[in-house]
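Okay, so here's the structure we're looking at.
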Amino acid sequence: MELNKLEMDLLKSITDLETVPSGALNIRLNGKAVMRQSSPNISVGPNDEGTGLKVEIKPGAVNETVHVPVVLTQPGLLDKVYNTFIVGEGADATIIAGCGIHNDSHAISRHDGIHEIIVKRGAKLKYTEKHYGEGSEQGKRILNPSTVITIESGAIAELEMVQIRGVNDTMRSTVAHIHEKGSLKIIERLLTQEEQRAESDIMIYLDGNGSNAQVISRAVAQGHSYQLFRAALIGKAPSVGHVECDAILMDSARIRSIPELQAEDADAVLTHEAAIGKIAGEQLIKLMSLGLTEQEAVNTILEGFLR
Amino acid sequence: MLELRNIFLQVDGESGEKVEILKNLNIDFQKGKVYAVTGPNGGGKTSIAKVIMGIYRQSQGQIYLEGEDISDLSVTERAQKGIGYAFQQPPRFKGITIQDVMSIASPGADLVRIRSFLRDVGLCPEDYLDRDLGTGLSGGEIKRIEMAQLLLRDPLISIFDEPEAGVDLWTIQKLLGLIVSRYKHNPNKTAVVITHNEKIIPICDEILVVDGGTIAAQGPPEKIWHLIKDDIECKVRNQCQGEVTYGVK
């Protein structure tokens, strides 16, 4: 099956793909898999319950990429999917996920993506998930991603989760368990506008000796939007964890940021820093002194901040 | 080239009273010259630069650039007309790289050119181009990047606000060399260097001593520097009470 222009445009917004890639992939369109293919080192198939996908990357496979985007163009659809990703021992893989919704109706379009990710011993994973919504009518575009990730001994994972624009409501949940010498970096970037709401709840359990985690959150709230960011680090072993949340507040928007540190081991080193504020006037002036208009300066600052 | 006519700058003081920062300033910055603006802290040097750039709006007076009244123009419009300012304390940005800001400074500049200007200020392009203009850079690095932007932008009038601040001795020599090679005897450009560094004085064509919001002394360095140097030093050390008349013994 071929994707039409609208569907391809949505796919490009969330994956930067101009064409359908040739490697391992699963494209879910309006609640159904419309393209699915495995590669020699990545198997992509239905899970045992038939409620979603099971993606397995072979142990030791390196430089592997799998695309699993979701596109919704059917108004009023409530789509829920359960996906499991297993990155085999010593493998090095990239998973490109994400969801784009086009909703021109008055009905709600919603996608709940429930992901379980297991990064086996010594494996390395880069996971990218972009969310985007568009549409001319009042119908809400809702995205609720939920991710549970287990990082086994010596494994490394980086999760980059981005909400580009156009999502009315989102409730994001991320839970991570990091074993001995495992490492996790989460980069979350959220933009909300108008009356949009976004909640993000991140809980990281530093379970193993020498485990480490870093959470970097960048948020921009415009219009009358609202964002709530909670990030908890639970140090259950000698470990290192850091949460950094920066937010730019504009117009009459609101942002609430709640970093939480819980140390259950005397050698758990947990830190956090948080800052919420408007765009600094001196930043605007600096860019204007290079010839940009005030609006161009604002756009440049926001683009960089959310990059 | 750039004329300041009867410029006054008034700001609100801490208890709401009006404080006069600049008082009836009249300055002609001419093409082909390098100017040093010096004087005690709080005298009004940076305020002059910010009034020229449009960051501060003068309460009275006119500013002309090549005969055109630019007094009411915005910062953006003044930048587009050919005024450039290297900030004393440049702001930092998250997510904006050095390459990004250099490209904004000079939209048509290719990577070869950007690299060469970074090298000119003693920064290895390979190590810096992709770095954020954020907290990972030292004050001295930020200042050099600020200099590189202005040199690359190459406006009609370039104002360097304390280019030496936070910069090591070797780099200061390099920066001085750049100012001499690019502006000295360049018939189309003007450089204004706000400075506290005595080494910068001899490379300039003219010194302006700013104190108490006025031009306290002005002239070529070889004629007036030996007359005013001790007075500035004395004032800065707070050994003098009240007003100082620069150069009058």
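Just name the residue that is modelled with the lowest pLDDT out of those in the stretch B:186-217 that are within 18 Å of B:P40 (Cβ to Cβ) and among the hydroxyl-bearing types (S, T, Y).
Residue satisfying both the conditions and the ranking: B:T195.
Considering only residues that are touching a residue at least 60 places away in the same chain (Cβ under 8 Å), of a type outside the set (V, I, T) and within 16 Å of B:H196 (Cβ to Cβ), look in the stretch B:135-178 and name the one that is surrounded by the fewest Cβ atoms within 10 Å (Cβ to Cβ).
Per the stated criteria, the residue is B:A165.
Hand me the list of helices (runs of 4 or more DSSP H) wholly inside the stretch B:1-115 holding 1 or more residues that are in contact (Cβ under 8 Å) with a residue 60 or more places away in the chain. If you could, list the steps in order and put the result at the bottom.
Working: elements: B:45-53, B:75-81, B:98-105.
Because the criterion is at least 1 residues that are in contact (Cβ under 8 Å) with a residue 60 or more places away in the chain, the helices (runs of 4 or more DSSP H) in the stretch B:1-115 that meet it are B:45-53, B:75-81.
A:I164 fails exactly one of the following numbered conditions: (1) touching a Lys or Arg at 6+ places or on another chain (Cβ under 7 Å); (2) at pLDDT 95 or above. What is the number of that condition?
It is condition (2) that A:I164 fails.
Out of A:G235, A:G223, report the one residue that is more than 10 Å from chain B (Cβ to nearest Cβ), on the phi > 0 side of the Ramachandran plot and modelled with pLDDT of 95 or more. Reasoning before the result, please.
Values: A:G235 fails: on the phi > 0 side of the Ramachandran plot.
It is A:G223.
Out of (1) crowded, with 21+ Cβ neighbours inside 10 Å; (2) assigned to a strand (DSSP E or B); (3) modelled with pLDDT of 95 or more, the odd one out for A:G291 is which?
If we test A:G291 against (1) crowded, with 21+ Cβ neighbours inside 10 Å; (2) assigned to a strand (DSSP E or B); (3) modelled with pLDDT of 95 or more, just (2) comes out false.
On the given criteria, is B:D132 buried (at least 16 other Cβ atoms within 10 Å of the Cβ), within 9 Å of chain A (Cβ to nearest Cβ) and either within 21 Å of B:I179 (Cβ to Cβ) or not aliphatic (A, V, I, L, M) (or both)?
Yes, satisfied.
So A:A198 fits all but one of (1) small (G, A, S); (2) more than 13 Å from the chain's Cα centre (by Cα); (3) not in a loop (DSSP other than H, G, I, E, B); what number is the exception?
(2)
Just give me the residues in the stretch B:1-19 being charged (D, E, K, R) and buried (at least 16 other Cβ atoms within 10 Å of the Cβ), in sequence order. Can you show your working first?
Residues of the stretch B:1-19 that are charged (D, E, K, R), as a first pass: B:3, B:5, B:12, B:14, B:17-18.
The answer is B:E3, B:R5.
Looking at the stretch A:142-153, I want the residues that are in contact (Cβ under 8 Å) with a residue 12 or more places away in the chain and have a partner that is in a strand (DSSP E or B) and of a type in the set (G, A, S) with Cβ atoms under 6 Å, at least 6 apart or on another chain. Which pairs are those?
Within 6 Å, the pairs are A:P145/A:G113; A:S146/A:S173; A:I149/A:A176; A:I151/A:A157.
Report, by residue number, each residue of the stretch A:238-272 that is closer than 23 Å to B:P90 by Cα, more than 10 Å from chain B (Cβ to nearest Cβ) and acidic (D, E).
none
Tell me which residues, restricted to the stretch A:172-195, are small (G, A, S) and either in a loop (DSSP other than H, G, I, E, B) or buried (at least 24 other Cβ atoms within 10 Å of the Cβ) (or both). Steps first, please.
Narrowing the stretch A:172-195 to residues small (G, A, S): A:173, A:176, A:182-183.
Within the stretch A:172-195, A:A176, A:G182 qualify.
Considering only the stretch B:68-81, I want to know if a residue exists there that is within 15 Å of B:A148 (Cα to Cα) and either crowded, with 17+ Cβ neighbours inside 10 Å or modelled with pLDDT under 95 (or both). Step through it out loud before you land on a result.
Filtering the stretch B:68-81 down to residues within 15 Å of B:A148 (Cα to Cα) leaves none.
Scanning the stretch B:68-81, I find no residue that is within 15 Å of B:A148 (Cα to Cα) and either crowded, with 17+ Cβ neighbours inside 10 Å or modelled with pLDDT under 95 (or both), so the answer is no.
Given the conditions (1) out of contact with any Phe, Trp or Tyr (no Cβ under 9 Å at 6 or more places or on another chain); (2) of a type outside the set (F, W, Y); (3) over 27 Å from A:R110 (Cα atoms); (4) surrounded by fewer than 22 Cβ atoms within 10 Å (Cβ to Cβ), and given that A:E282 satisfies all but one, which numbered condition is not satisfied?
(1)
Can you tell me which residue is nearest to the other protein chains (Cβ to nearest Cβ) among those in the stretch B:87-119 that are small (G, A, S) and more than 17 Å from B:L178 (Cβ to Cβ)? It would help to see each step written out before you state the result.
Initially, the stretch B:87-119 is screened for residues small (G, A, S), giving B:95, B:103, B:105-106, B:108-109, B:116.
The next check asks that each one be more than 17 Å from B:L178 (Cβ to Cβ); those that pass are B:95, B:103, B:108.
Values: B:G95: 3, B:S103: 10, B:G108: 12 Å.
Result: B:G95.
Across the stretch B:52-78, what is the number of residues that are within 12 Å of chain A (Cβ to nearest Cβ) and more than 14 Å from the chain's Cα centre (by Cα)? Before the answer, list the steps.
Let us first name the residues in the stretch B:52-78 that are within 12 Å of chain A (Cβ to nearest Cβ), namely B:52-56, B:73-78.
Now restrict to residues that are more than 14 Å from the chain's Cα centre (by Cα): B:56, B:73-78.
Count: 7.
The values are calculated or read from the model by the stated rules, or taken from the named source; none is laboratory data. Being a predicted model, the structure only gives us computed values, none of them experimental. Cβ coordinates were reconstructed from backbone atoms using ideal geometry, including for glycine residues, and neighbour counts include every protein chain displayed.
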